[in-house]
Amino acid sequence: MEIQLASKSPRRRELLDQIGVRYRTVDVDVPEEHEVGESPEAYVSRLALSKARAGVHEVVDNQVFNGPTLGADTIVVCGDEILEKPQSFADFKRMMSALSGSYHRVMTAVALCVDGRELLDCSSTQVRFRNISEEEMVEYWQTEEPRDKAGGYAIQGLGAVFVVEIIGSYSGVVGLPIETLTPMLAEIGIPVWKS
């Protein structure tokens with residue numbers, strides 16, 4: 001059996017490959033706009049479910065996929081602020097200054113839609129950064145890695161040098177919490193460790 005991944009993220013594909021889940025991908029276009037008064041968990045969960053729902057109706061190669069569709073979304077929360085993908089260097093620098101020398105939360109919601117059922121769960125992980133100098137911020141931005149990452153960094157990439165502590169799910173910070181996903185897959189009969 002295979003699932004349909006409603007995501008453009010290469011990191012999510014790598015994590016599915018890592019646990020041996022067969023999948024195909026479909027691109028979906030879901031607006032990522034935080035609603036007034038919406039909690040971070042409600043926001044990221046709504047986006048993950050919206051992506052899964054959108055994937056269910058996508059037509060690929062003239063056919064609609066009949067199996068389970070997986071949607072996921074990741075946000076970084078620092079204090080009360082949701083940090084999404086930086087829109088400019090100034091935005092990135094503001095984010096890095098907030099994250100420098102402090103804890104933040106990375107939340108990844110996972111949604112599965114199959115046969116009219118919707119499974120949804122959310123992983124929350126605490127991450128602590130060391131102090132980051134302004135020079136490092138400039139150098140990291142110039143690598144181009146932060147530009148399409150929630151919170152402006154990739155823990156699985158060059159951004160790993162800033163991390164001094166993680167409490168929770170490493171794969172959740174990368175973008176797909178394996179320990180959250182695998183019980184959901186088991187519930188709908190999708191095996192892991194298959195090539």
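The values are calculated or read from the model by the stated rules, or taken from the named source; none is laboratory data. All of these numbers come straight from a predicted model, not from anything done at the bench. Using ideal geometry, Cβ is built from the backbone for each residue, glycine included, and neighbour counts are taken over all protein chains shown. Calculation scope for accessible area: heavy atoms of the full protein, side chains included, ligands and nucleic acids excluded. Shrake-Rupley method; radii C 1.70, N 1.55, O 1.52, S 1.80 Å.
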- line: Within the set ASP80, ASP148, ASP17, GNM on the chain using Cα springs under 10 Å gives the largest fluctuation to ASP80
task: Please build a GNM for the chain, connecting alpha carbons under 10 Å apart, and tell me which residue among ALA160, ALA98, ALA48 fluctuates the most.
output: ALA160
field: Accessible solvent surface per residue of the stretch 53-193, calculated while the other protein chains remain in place, 1.4 angstrom probe, Å²
entry: 47
Distance from the stretch 100-118 to the stretch 1-72 (C-alpha centre basis), Å: 11
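Give the residue list of GluC sites (Glu not before Pro) in the stretch 83-170 that are DSSP loop and have at most 14 other beta-carbon atoms within 10 angstrom. Each step should come with its number before you reach the end.
On the way: sites: GLU84, GLU118, GLU134, GLU135, GLU136, GLU139, GLU144, GLU165; in loops: GLU84, GLU144.
Of the GluC sites (Glu not before Pro), the ones in loops of the stretch 83-170 whose Cβ has at most 14 other Cβ atoms within 10 Å are GLU144.
Can you give me the Rg/Rh ratio for the chain, using Cα atoms for both radii and the Kirkwood formula for Rh?
Numbers: Rg = 16.9 Å, Rh = 17.2 Å.
Checking Rg against Rh, the ratio lands at 0.98.
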field: Accessible-area value, ILE167, 1.4 Å probe, nucleic acids and ligands omitted, Å²
entry: 80
message: Show me the ranking of peptides 3-14, 19-30 by mean Cβ neighbours inside 10 Å, starting with the highest.
response: 3-14, 19-30
message: Straight-line reach from LYS93: which lysines fall under 19 Å, measuring Cα to Cα and dropping same-chain residues less than 8 apart?
response: LYS85, LYS149
